[in-house]
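First up is the structure itself, then whatever we jot down about it.
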Amino acid sequence: MTKQRFYIDTQGNDDEAYREAMQYACRLADNDNEVKRVIILVHTKQNTGWFERLYGREIEKQLFKGTTFKDCKPVFKFETKKTYSDSHTPSEIVITCGLDAEDVLKIDDFYSVKAIIAIPWLRDKLQKWVQTWNPTELRGNQQAVIAYA
């Protein structure tokens with residue numbers, strides 16, 4: 001199994017990045033019948049404000065239990081760094097929300113993860129993962145190349 005790795009070159013409050021990542025995850029899942037869940041991985045349960053702004057409070061609450069969206073097969077579900085673990089069945093796409101390279105590298109090792117879409121809070125905090133895996137940058141659809149001074 002080849003793990004797919006993606007990245008959105010952004011930082012800070014970029015609500016649209018989360019919408020783009022979820023839409024891309026839906027397209028990936030449409031092309032892979034093994035994908036059953038899209039995990040939206042956040043630091044803590046309190047780090048979900050982006051999704052309330054995008055979809056409203058009710059959808060944000062549903063994401064804690066798992067919910068589906070119109071015209072998209074998999075279940076989307078919030079998990080935190082503390083609650084998420086490897087299910088040992090390759091069936092998940094993970095969208096990392098503001099996690100740093102250390103956290104993303106740990107998730108990257110999970111067998112259950114078929115694809116990762118990383119969205120940084122600060123670009124330089126994701127540098128090690130980007131340099132290790134050279135993920136495809138979704139907004140430019142090219143391999144990520146990041147230069148840091």
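Bear in mind these aren't lab numbers, they're just calculated from the coordinates by the rules spelled out. Everything quoted here is computed from the prediction, not taken from an experiment. No Cβ is skipped: glycine too gets one built from the backbone with ideal geometry, and neighbour counts run over all protein chains shown.
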Please work out the FRET efficiency for the pair Asp14 and Phe64, using the Cβ-Cβ distance as r and a Förster radius of 30 Å; give the result to the nearest 0.05.
0.85
Computed label-point distance, nm, for sites Arg53 and Asp71 using a 7 Å Cα→Cβ extension
2.5 nm
Counting only Cβ distances under 4.7 Å between cysteines, those in the chain with no partner are Cys97
Among rounded, prolate and oblate, which fits segment 1-112 when a ≥ b ≥ c are the square roots of the eigenvalues of its C-alpha gyration tensor, a/c under 1.5 means rounded, and a/b larger than b/c means prolate?
rounded
Compute the distance in nm between two label points, each set 7 Å from the Cα along the Cα-to-Cβ direction, one at Asp109 and one at Gln46.
2.9 nm
With only Lys, Arg, Asp and Glu charged, each at its Cβ (+1 for the first two, -1 for the last two), find how big the charge dipole of segment 39-133 is about the Cα centre; round to the nearest 20 debye.
280 debye
Take the Cβ-Cβ distance between Ser87 and Asn31 as r, set R0 to 30 Å, and report the resulting FRET efficiency rounded to the nearest 0.05.
0.90
Nearby lysines by direct alpha-carbon distance to Lys106 (threshold 30 angstrom, same-chain neighbours under 8 apart not counted):
Lys3, Lys36, Lys45, Lys61, Lys65, Lys73, Lys77, Lys81, Lys82, Lys114, Lys125, Lys128
Rounded, prolate or oblate: which fits segment 35-100 when a ≥ b ≥ c are the square roots of the eigenvalues of the alpha-carbon gyration tensor, with rounded for a/c under 1.5 and prolate only if a/b beats b/c?
oblate
Based solely on its DSSP helices, what 222 nm [θ] is calculated for the chain when runs of n ≥ 4 H residues each add -39,500 (n - 2.57) and the sum is averaged over all residues, nearest 500 deg cm²/dmol?
-9000 deg cm²/dmol
Return the long-range amide H neighbours of Tyr111 (sequence gap of 5 or more, or a different chain), with a cut-off of under 5 Å between placed amide H atoms.
His88
Using a ≥ b ≥ c from the Cα gyration tensor of segment 52-146 (square roots of the eigenvalues), is it rounded, prolate or oblate, where a/c under 1.5 gives rounded and otherwise the larger of a/b and b/c decides, a/b for prolate?
prolate
